[in-house]
Amino acid sequence: MDLFTPTQAAVATGLPLKAVQKAIDLRAVPTRIVKAGSTRSRYLSSTALLCLHLEASGLHELPLSIRKAVFAYISRTPQARQIKVNEVVVVDISNARKRLALGLQKLKKAEQMVVSDPAVMGGTPVFRGTRIPVETITEMLEAGVSAEEILDGYPSLSPEKLKFAMVYVQAHPRRGRPRVQPWNKIQPSKRVRMRLYDIA
């Protein structure tokens, strides 16, 4: 059974991370506790992700008791196509399942483009087949550097890799305190585009 962290669940379902954590805290969706040494982490199954996707689609407007009943039904009958909550509300599960599959496909593709190997950059996540840290590229994008400028400086990358780099970093955020980079807020007085071999 595939298990997902809350950040992976947020990316796959389109829910904000805070909404995912709130659903977990309210026990609206089932979680699994995994122990690694003294650390206990909460993970979600694909069925729980389907429940979260329904939350993102508007089910969060219903009372918590009804949502829990819907999610319990999905857990018992994961292949159900729809659930009739009452005479007015019918939950379409089949379409939600298709949309979730697209979100999971996007997450999987982003994770396949990245590798973390202790022998390469000390285990820092890099684009597969390169020594380019993923976080370096996403920080450049967030600082306002255009995709064209990044691709000029890193010819081994592609527009697709830049797109999925953001997905990967959202699903696998850096642990610990964020790095302080005060220069990110300073606009350069002059920007020159130049390839490295032009300098040599």
Notebook entry, point to check: What nm distance separates the two modelled labels at Thr47 and Thr124, each placed 7 Å from Cα along Cα→Cβ?
Noted result: 4.2 nm
Margin query: In Å, what Kirkwood hydrodynamic radius results for segment 1-51 from the alpha-carbon pair distances?
Written below: 11.0 Å
Margin query: Among Leu64, Leu44, Leu100, which one shows the highest mean-square fluctuation when the chain is modelled as a Gaussian network with alpha-carbon springs under 10 Å?
Written below: Leu64
Next item on the list: Provide Rg and Dmax in Å for segment 97-137, with only Cα atoms included in the calculation.
Entry: 12.7, 39
Check: Do any GluC sites (Glu not before Pro) in segment 56-129 lie in a loop, going by DSSP, with at most 14 other beta-carbon atoms within 10 Å of their beta carbon, and if so which?
Finding: Glu87
Check: So, by mean Cβ neighbours within 10 angstrom, what's the order for 152-158, 48-54 with the highest one leading?
Finding: 48-54, 152-158
Item checked: Other-chain or far-sequence residues with amide H under 5 Å of Met113's (modelled H) -> none
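In debye, nearest 20, what is the charge dipole magnitude of the chain about its Cα centre with +1 on Lys and Arg Cβ and -1 on Asp and Glu Cβ, if you could check?
The calculated dipole for the chain is roughly 520 debye.
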Checklist line | Residue-span extension gain [Leu3 to Glu111] - 0.36 nm each, minus C-alpha spacing | finding: 37.4 nm
Item checked: Added length on full extension, which subtracts the Cα-Cα distance from 0.36 nm per residue, Ser156 to His60 -> 30.2 nm
Notebook entry, point to check: What share of all Cα pairs of segment 3-112, in percent, falls into each consecutive 5 Å distance bin?
Noted result: 2, 12, 24, 24, 20, 10, 5, 2, 1, 0
Check: Quick one: if the Förster radius is 35 Å, what FRET efficiency do Thr136 and Leu17 give, using the C-beta to C-beta distance and rounding to 0.05?
Finding: 0.95
Margin query: Step by step: find N for the chain, compute 2.2 N^0.38 Å, then divide the Cα radius of gyration by it. What's the final number?
Written below: 1.26
Check: Which ³J(HN,Hα) values in Hz, rounded to whole numbers, follow from the phi angles of segment 38-48 under the Karplus curve 6.51 cos²θ - 1.76 cosθ + 1.60, where θ = phi - 60° and Gly and Pro get x?
Finding: 9, 9, 10, 10, 9, 10, 10, 7, 5, 5, 5
Item checked: Rough spin-label spacing in nm, given labels placed 7 Å along Cα→Cβ, for Gln82 and Ser38 -> 5.3 nm
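Run lengths n ≥ 4 of DSSP H only: what is the helix-derived mean residue ellipticity at 222 nm for the chain, with -39500 (n - 2.57) per run over all residues, to the nearest 500?
Taken over the chain, the calculation gives -14000 deg cm²/dmol.
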Checklist line | Cross-link reach list, lysines versus Lys98, counting only Cα pairs under 23 Å and skipping chain neighbours closer than eight places | finding: Lys68, Lys84, Lys106, Lys108, Lys109, Lys163
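Values in this text are rule-based calculations from the coordinates and carry no lab data. Keep in mind that what you see is a predicted model, and the values were worked out from it rather than measured. All Cβ positions, glycine included, derive from the backbone under ideal geometry; neighbour counts span all protein chains shown.
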